[in-house]
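Student: Below are the structure tokens for one structure; questions will follow.
The values are calculated or read from the model by the stated rules, or taken from the named source; none is laboratory data. Note that the coordinates shown come from a computational prediction; the quantities given were computed from them, not determined experimentally. Here the Cβ positions follow ideal geometry from the backbone for every residue, glycine too, while neighbour counts run over all protein chains shown. Heads up: the accessible areas ignore ligands, DNA and RNA and are worked out on the full protein's heavy atoms, side chains in. Shrake-Rupley method; radii C 1.70, N 1.55, O 1.52, S 1.80 Å.
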Amino acid sequence: MIELPWSEATEQSLLGAVLIKPEILAWLEVEPASFYAPQNSSVWAAMTNLHARGLAVDEVTLEGELERSGVLSAIGGLAYIGRLACACATSANAESYAATLEQYRVTRDIIKLAAEAQASSDLFGEELLDSLLGKLGSIKRAKGNELTATEDTLPEMVRRLIDDVDASAKGIAGSSFVESGISALDHAIGGIPMGTVTAIGGRPGDGKSSTLLNIGEHAAKLGKVVAIFTTEDPRDRWNERLLAKHSGVAVDKIYRRTLSPMELGAVTNASNVVREIKNLHIVHAHGMTAMEMIRVATVLGAQVIGIDYAQKVKSPEPRMKLHESIEASSKMFGDYAGKSGAAVVILSQLSKEVEKENRRAMLSDLRYGDGLAQE
């Protein structure tokens, strides 16, 4: 019997990494069949089932899920889950573990097919080779950032390019962009790009939130589903901004409720206009992680997502420093944008150095923005 290659340490380390940081399940594309040990495959299936249902993934919930599926005793019970929790010191290498796991899986599939071909008694020479090559072609490549053949992707990319160039000539945004509604910005960058993250930085009071609201409102009027997650201001504050924009009344006067009868009438009329803005969702996101926001955006079917603002998104892991948290969250948003095709706009405060030095801001001036800039 052929001994198939696998790594117990890699399998257990990946499972342990998930127990440390369950959010990585959102972007790790690993299937239970990628694990060689049956107990590890069962644990991964239980983890992904919990995550798919929006439930916490920890030792307690994992024990319950495994017991519910009838495999808890078969994997070694709570003692084995405890071993997994201690198998990995950090979740930072999870993607590396997953990639190694997939390479082991591909290698095992190749060995098994070769063994089956060798055992075949009715094929010989080139017939045997043709059969083996045909079967090898059916092996699923390792998931992740694998390359796709150029001939498969180039025609679609060129089609989008032609559409975008044609749209640009007509003065509108193509399918790769959504108009921001701010003519100077659209002229400079072509619009807000779909399928990626756009960061907008500014000092407090510079109008970052108003800019995001303008982008969201304009996208909604174009028929896009928009979700703006507010991590600082209450949801009503955003509605007040909309009323101020359409009534011409200062937002501070609306906030303080110091309106003249004429201004009150203007705000009332503006409310009828605001109610007609369909598909614009303002989500109260205080204390929400990036993954929780992504789940809400997925349920809404959001095509344009705004985050106000990066530094206030709840850390996916309590032990993370702020810059680590921002990097992890922006990676989740970036992965989601890439896979869903949505435009994600993240607001970020600038460092105080810009103000002190009285100069024009640069990308590096995003406060704790190293991780954000990387996306």
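Student: Hey, could you check the stretch 300-333 for residues that are among the small types (Gly, Ala, Ser) and more than 17 Å from GLY201 (Cα to Cα) and say which is surrounded by the fewest Cβ atoms within 10 Å (Cβ to Cβ)?
Tutor: Selected residue: GLY301.
Student: Cβ-Cβ distance below 8 Å, separation of 6 or more or different chains: which pairs start in the stretch 275-292 with a residue that is on the phi > 0 side of the Ramachandran plot and end on one that is β-branched (Val, Ile, Thr) and open to solvent by less than 20 Å² (accessible area, probe 1.4 Å)?
Tutor: What qualifies is ASN279/VAL226.
Student: Open to solvent by less than 30 Å² (accessible area, probe 1.4 Å), more than 36 Å from the chain's Cα centre (by Cα) and not small (Gly, Ala, Ser): does that describe VAL249?
Tutor: yes
Student: If we keep just the residues of the stretch 86-101 that are assigned to a helix (DSSP H, G or I) and surrounded by 15 or more Cβ atoms within 10 Å (Cβ to Cβ), which is modelled with the lowest pLDDT?
Tutor: In this case the residue turns out to be GLU95.
Student: Just for the stretch 295-344: of the residues that are under 19 Å from ILE192 (Cβ atoms) and of a type in the set (D, E, K, R), which one is modelled with the highest pLDDT?
Tutor: ASP308
Student: Further, regarding this structure: What number of residues within the stretch 256-310 satisfy the criterion of being assigned to a helix (DSSP H, G or I) and either more than 18 Å from THR211 (Cβ to Cβ) or of a type in the set (Val, Ile, Thr) (or both)?
Tutor: 27
Student: So LEU347 clears everything in (1) part of a helix (DSSP H, G or I); (2) modelled with pLDDT of 85 or more; (3) crowded, with 21+ Cβ neighbours inside 10 Å; (4) touching a helix residue (DSSP H, G or I) at 6+ places or on another chain (Cβ under 8 Å) except one condition, right? Which one?
Tutor: Against the list (1) part of a helix (DSSP H, G or I); (2) modelled with pLDDT of 85 or more; (3) crowded, with 21+ Cβ neighbours inside 10 Å; (4) touching a helix residue (DSSP H, G or I) at 6+ places or on another chain (Cβ under 8 Å), LEU347 comes up short only on (1).
Student: Now for a different question. Applying the selection to the stretch 22-47, what residues are surrounded by fewer than 17 Cβ atoms within 10 Å (Cβ to Cβ) and either closer than 16 Å to MET332 by Cα or of a type in the set (Val, Ile, Thr) (or both)?
Tutor: GLU29
Student: Now for a separate question. Can you confirm whether the stretch 30-48 contains a residue that is farther than 19 Å from PRO316 by Cα and within 18 Å of the chain's Cα centre (by Cα)?
Tutor: yes
Results for (1) more than 23 Å from LYS278 (Cβ to Cβ); (2) modelled with pLDDT of 90 or more, shown as yes or no for each residue.
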site: THR196; (1), (2): yes, yes
site: ASN214; (1), (2): no, yes
site: GLU217; (1), (2): no, yes
site: ARG237; (1), (2): no, no
site: ARG256; (1), (2): yes, yes
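Student: Moving to a separate point now. Among the residues of the stretch 196-223, which ones are under 21 Å from GLY338 (Cβ atoms) and open to solvent by 30 Å² or more (accessible area, probe 1.4 Å)?
Tutor: Once the filter is applied, which keeps residues that are under 21 Å from GLY338 (Cβ atoms) and open to solvent by 30 Å² or more (accessible area, probe 1.4 Å), the stretch 196-223 yields THR196, ALA199, ILE200.
Student: Please go through the stretch 26-80 and give me each residue that is assigned to a helix (DSSP H, G or I), free of Cβ contacts under 8 Å to residues at least 12 places away in the same chain and among the charged types (D, E, K, R), ordered by number.
Tutor: GLU67, ARG68 - these are the residues of the stretch 26-80 that are assigned to a helix (DSSP H, G or I), free of Cβ contacts under 8 Å to residues at least 12 places away in the same chain and among the charged types (D, E, K, R).
Student: Among the residues of the stretch 258-273, is there at least one that is modelled with pLDDT under 90 and open to solvent by 70 Å² or more (accessible area, probe 1.4 Å)?
Tutor: no
Student: I need the full set of residues from the stretch 197-229 which are part of a loop (DSSP other than H, G, I, E, B) and touching a Gly at 6+ places or on another chain (Cβ under 7 Å), in order please.
Tutor: VAL225 - this is the single residue of the stretch 197-229 that is part of a loop (DSSP other than H, G, I, E, B) and touching a Gly at 6+ places or on another chain (Cβ under 7 Å).
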